[in-house]
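Presented below is the structure to which this report refers.
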Amino acid sequence: MTGEGVAGSRMLALLPLVAGLAAVSHSAIFVRLADAHPVVIAFGRLAIAAAILVPLAFALERQSWRGQPPGVAMRGGLAGVFLALHFSAWIASLDHTSIANSVVLVSLTPVWIALATAVLHRRMPTRPVLISVGLAVTGSIVIGLGSGQSAEGSLLGDGLALAGGLCMAAYLMLGQGVQRHLPFVSYVAGCYAVAAIVLGITVAVLGLPVGGLSLQTYAAIAALGLVCQVIGHSSFNWGLRRFSTGFIAVFLLGEPLLGAALGIVYFAEVPGTATVIGGLVILAGLYTGAVAELRR
């Protein structure tokens with residue numbers, strides 16, 4: 001293939017990522033429209049996605065799990081558990097803080113991955129990574145201080161968003177190894193199914209209501225499952241098979257910006273000064289780390 005052909009092919013491969021970014025950036029909007037317990041919303045989102053993708057995986061890649069080492073299934077299942085925890089924590093954060101705070105703080109996932117990688121491999125992080133982490137922590141402190149003085153945010157909500165980002169980091173790190181052994185549809189279907197089962201059990205144990213909700217709530221949950229999960233979330237898992245993690249990290253910097261902008265459009269939630277300053281510092285940190293990954 002010629003250079004122009006390769007470039008054209010990579011540009012076409014970007015289209016699913018662009019669609020996925022637009023889809024996943026609406027997550028906070030749909031969550032705000034759903035009047036239900038955070039665990040019920042998370043369960044509905046992943047149950048709908050699993051109901052679509054599990055039959056597809058069974059039809060197309062039925063043999064993919066056979067003959068796999070036991071560790072693959074264990075890591076895949078654990079990834080699903082962390083995915084369930086991610087959505088539960090992040091969706092709950094939107095009940096306690098602003099959309100802007102939530103989408104910015106949950107996007108700290110690349111920082112947690114960098115720190116975990118340094119610890120697991122017992123090597124000192126590079127200078128750009130240290131700068132990235134320092135900026136991210138500084139920005140988080142600024143947002144936290146602002147939340148303590150604002151009626152639109154709270155430290156509980158900010159903490160839940162941070163916890164959601166930590167769980168997403170664990171999910172991605174576990175899934176990276178599993179995807180080396182499994183085809184794409186089988187991997188995402190398995191993770192979504194495990195997460196839905198974990199959340200479904202939680203809903204049953206806690207006795208949370210899933211019936212008698214408003215039509216708007218059911219519509220919002222359906223949109224989360226179809227648009228944000230099947231299209232948005234899955235597109236980034238697909239992108240990791242074709243682009244470097246550094247490129248995906250840079251690309252995902254658009255999510256907190258677009259999510260905060262949508263919060264202004266749909267709910268007139270104008271970010272406070274602390275959120276704007278802290279968010280820009282965090283994004284600068286994430287950009288520094290992502291560019292360093294690209295160069296490496």
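The values are calculated or read from the model by the stated rules, or taken from the named source; none is laboratory data. Model, not experiment: these values are computed from the prediction. Quick reminder, even Gly has a Cβ in these numbers, built from the backbone with ideal geometry, and neighbours come from all protein chains shown.
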Do you know which residues across segment 49-78 are within 17 Å of the chain's Cα centre (by Cα) and among the aliphatic types (A, V, I, L, M)? Ala49, Ala50, Leu78
For residues that are of a type in the set (A, V, I, L, M) and more than 18 Å from Leu174 (Cβ to Cβ), scanning just segment 109-138, find the one that is nearest to the chain's Cα centre (by Cα). Ala136
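Residue by residue, here is whether (1) surrounded by fewer than 20 Cβ atoms within 10 Å (Cβ to Cβ); (2) in contact (Cβ under 8 Å) with a residue 40 or more places away in the chain; (3) not aliphatic (A, V, I, L, M) holds:
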site: Arg180; (1), (2), (3): yes, no, yes
site: Ala220; (1), (2), (3): no, yes, no
site: Ser234; (1), (2), (3): no, yes, yes
site: Phe243; (1), (2), (3): yes, yes, yes
Taking segment 142-162 and keeping only residues that are of a type in the set (S, T, N, Q) and either modelled with pLDDT of 75 or more or not in a helix (DSSP H, G or I) (or both), one is left with Gln149, Ser150, Ser154
Just wondering, is there one or more residues in segment 123-131 that are surrounded by fewer than 19 Cβ atoms within 10 Å (Cβ to Cβ), within 18 Å of Tyr287 (Cα to Cα), of a type in the set (Val, Ile, Thr) and in contact with a helix residue (DSSP H, G or I) (Cβ under 9 Å, 6 or more places away or on another chain)? yes
Taking Ala36 as meeting all but one of (1) over 16 Å from the mean Cα position of the chain (by Cα); (2) part of a helix (DSSP H, G or I); (3) of a type in the set (A, V, I, L, M); (4) at pLDDT 90 or above, write down the number of the exception. (2)
State which residue pairs qualify: first residue touching a residue at least 12 places away in the same chain (Cβ under 8 Å) and inside segment 83-96, second residue of a type in the set (Lys, Arg) in any location, beta carbons under 8 Å apart, and separation of 6 or more residues or different chains. Phe87/Arg45; Leu94/Arg32
State all residues of segment 247-265 that are modelled with pLDDT of 75 or more and either out of contact with any helix residue (DSSP H, G or I) (no Cβ under 8 Å at 6 or more places or on another chain) or more than 16 Å from Asn101 (Cα to Cα) (or both); if no residue qualifies, say none. Ala261, Ile264, Val265
